[in-house]
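The values are calculated or read from the model by the stated rules, or taken from the named source; none is laboratory data. All of these numbers come straight from a predicted model, not from anything done at the bench. Backbone-built Cβ (ideal geometry, glycine too); neighbour counts: all protein chains shown. Side chains included, ligands, DNA and RNA excluded: accessible areas come from the protein's heavy atoms. Shrake-Rupley method; radii C 1.70, N 1.55, O 1.52, S 1.80 Å.
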Amino acid sequence: MTKRDRPLSPHLQIYKMPFTAVLSISHRITGVVMAVGTLVLAYWLAAAAYGPDAYATAQAVLGSVPGRLLLFGWSVALFYHLCNGIRHMFWDAGMGFEIRDAVKSGYITVGAALALTILAWAIGV
Amino acid sequence: MGSDVKLRSALGRARGLGSAREGVGHFYAQRATAIGMIPLSLWFVVSVIGLTHADYGTLRDWVGQPLNATLLSLTVLTAMYHAQLGVEVVIADYVHGETLKFTLLTASTMAAFLLGAAMVVSILKVAVGV
């Protein structure tokens, strides 16, 4: 047998993931990020339950630059997961399975998530 | 072979061995909680934005409104349920050692219940006072 230079794909170290695959794994990553991020919400609520002093500390921590960065990441994860979740529901209903449609809905998802994030922080700051 | 085996129908033997009627339970719960989280998360984000610079009294008055305390508890519980289902799938997909998988599945479920309980108690504490 002659040795042929057949493509090795997917070869994970050099494999260029398609746009739709990046969106797919991002859904899981943002989901796990938010699941872990629930600790921040739990901390904020617990601080409120412990009283004015603890709440003031929590507000200062979350209002600091690292705190705001954390909340910004949290909001990106939330809006992306929300928009992509709605995209998943269309698939569950049997719609949008063609690759062209999946790419198009992917762009809409990213656009909507960005718009919602910008909107939330424009109002919130 | 015992006679009881011969007398059982094919359907009778198959019952209880598969996921029939139960296989969609996880799938359904994940979607049902996802649908719930659409309005709840949007309400939550708008509410938190409104409370960004709130002092303690403002927060307490806001959580003290029964509707807000109810929706906040519902948001937290639905989110923990949805998160537990999602993390369960991620662990099942990526962790292959049986012992580690079992440990992580149990720990993540316990963490979801613990956080859910802690957050609801916190909400009630702020809402009711004491």
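Looking at this structure, is residue A:95 open to solvent by 70 Å² or more (accessible area, probe 1.4 Å) and either at pLDDT 95 or above or more than 10 Å from chain B (Cβ to nearest Cβ) (or both)?
Details: open to solvent by 70 Å² or more (accessible area, probe 1.4 Å): yes; either at pLDDT 95 or above or more than 10 Å from chain B (Cβ to nearest Cβ) (or both): yes.
Answer is yes for this residue.
Conditions tested, residue by residue: (1) modelled with pLDDT of 95 or more; (2) surrounded by fewer than 11 Cβ atoms within 10 Å (Cβ to Cβ).
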residue	(1), (2)
A:18	no, no
A:23	yes, no
A:43	yes, no
A:50	yes, no
A:57	yes, no
A:65	yes, yes
A:78	yes, no
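Results for (1) more than 22 Å from residue B:72 (Cα to Cα); (2) part of a helix (DSSP H, G or I); (3) within 17 Å of the chain's Cα centre (by Cα), shown as yes or no for each residue.
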{"position": "A:6", "(1), (2), (3)": "yes, no, no"}
{"position": "A:22", "(1), (2), (3)": "yes, yes, yes"}
{"position": "A:27", "(1), (2), (3)": "yes, yes, yes"}
{"position": "A:32", "(1), (2), (3)": "no, yes, yes"}
{"position": "A:35", "(1), (2), (3)": "no, yes, yes"}
{"position": "A:44", "(1), (2), (3)": "no, yes, no"}
{"position": "A:66", "(1), (2), (3)": "yes, yes, no"}
{"position": "A:96", "(1), (2), (3)": "yes, no, no"}
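Of all residues in the stretch A:24-52, count the ones that are over 18 Å from residue B:82 (Cα atoms) and in contact with a Leu (Cβ under 8 Å, 6 or more places away or on another chain).
Number satisfying all stated conditions: 2.
Can you tell me how many residues in the stretch A:45-70 are facing chain B (nearest Cβ under 9 Å) and under 26 Å from residue B:39 (Cβ atoms)?
Final tally of qualifying residues: 4.
Within the stretch B:59-79, can you find the residues that are open to solvent by 40 Å² or more (accessible area, probe 1.4 Å) and either acidic (Asp, Glu) or away from chain A (no Cβ under 11 Å) (or both)?
Once the filter is applied, which keeps residues that are open to solvent by 40 Å² or more (accessible area, probe 1.4 Å) and either acidic (Asp, Glu) or away from chain A (no Cβ under 11 Å) (or both), the stretch B:59-79 yields B:61, B:65, B:66, B:67, B:70, B:71, B:74, B:77.
Can you confirm whether the stretch B:81-104 contains a residue that is modelled with pLDDT of 95 or more, under 25 Å from residue A:51 (Cα atoms) and in contact with a helix residue (DSSP H, G or I) (Cβ under 6 Å, 6 or more places away or on another chain)?
Looking for residues that are modelled with pLDDT of 95 or more, under 25 Å from residue A:51 (Cα atoms) and in contact with a helix residue (DSSP H, G or I) (Cβ under 6 Å, 6 or more places away or on another chain), one finds none in the stretch B:81-104, hence no.
Out of everything in the stretch B:81-110 that is within 13 Å of the chain's Cα centre (by Cα) and more than 9 Å from every other protein chain (Cβ to nearest Cβ), what residue ends up being surrounded by the fewest Cβ atoms within 10 Å (Cβ to Cβ)?
Once the filter is applied, the top-ranked residue is B:110.
Check off (1) surrounded by fewer than 16 Cβ atoms within 10 Å (Cβ to Cβ); (2) more than 8 Å from every other protein chain (Cβ to nearest Cβ) for residue B:35 and give me the number that stays unchecked.
(2)
So is residue B:45 in contact (Cβ under 8 Å) with a residue 24 or more places away in the chain and of a type in the set (Val, Ile, Thr) or not?
Taking the combined requirement at face value, the residue does not satisfy it.
Just to be sure I understand the filter: pairs with C-beta atoms under 7 Å, separated by 6 or more residues or on different chains, first member in the stretch A:107-118 and free of Cβ contacts under 8 Å to residues at least 60 places away in the same chain and under 14 Å from residue B:41 (Cβ atoms), second member open to solvent by 40 Å² or more (accessible area, probe 1.4 Å) and in a helix (DSSP H, G or I). Which pairs pass?
Note: pairs meeting the criteria are A:117/A:76.
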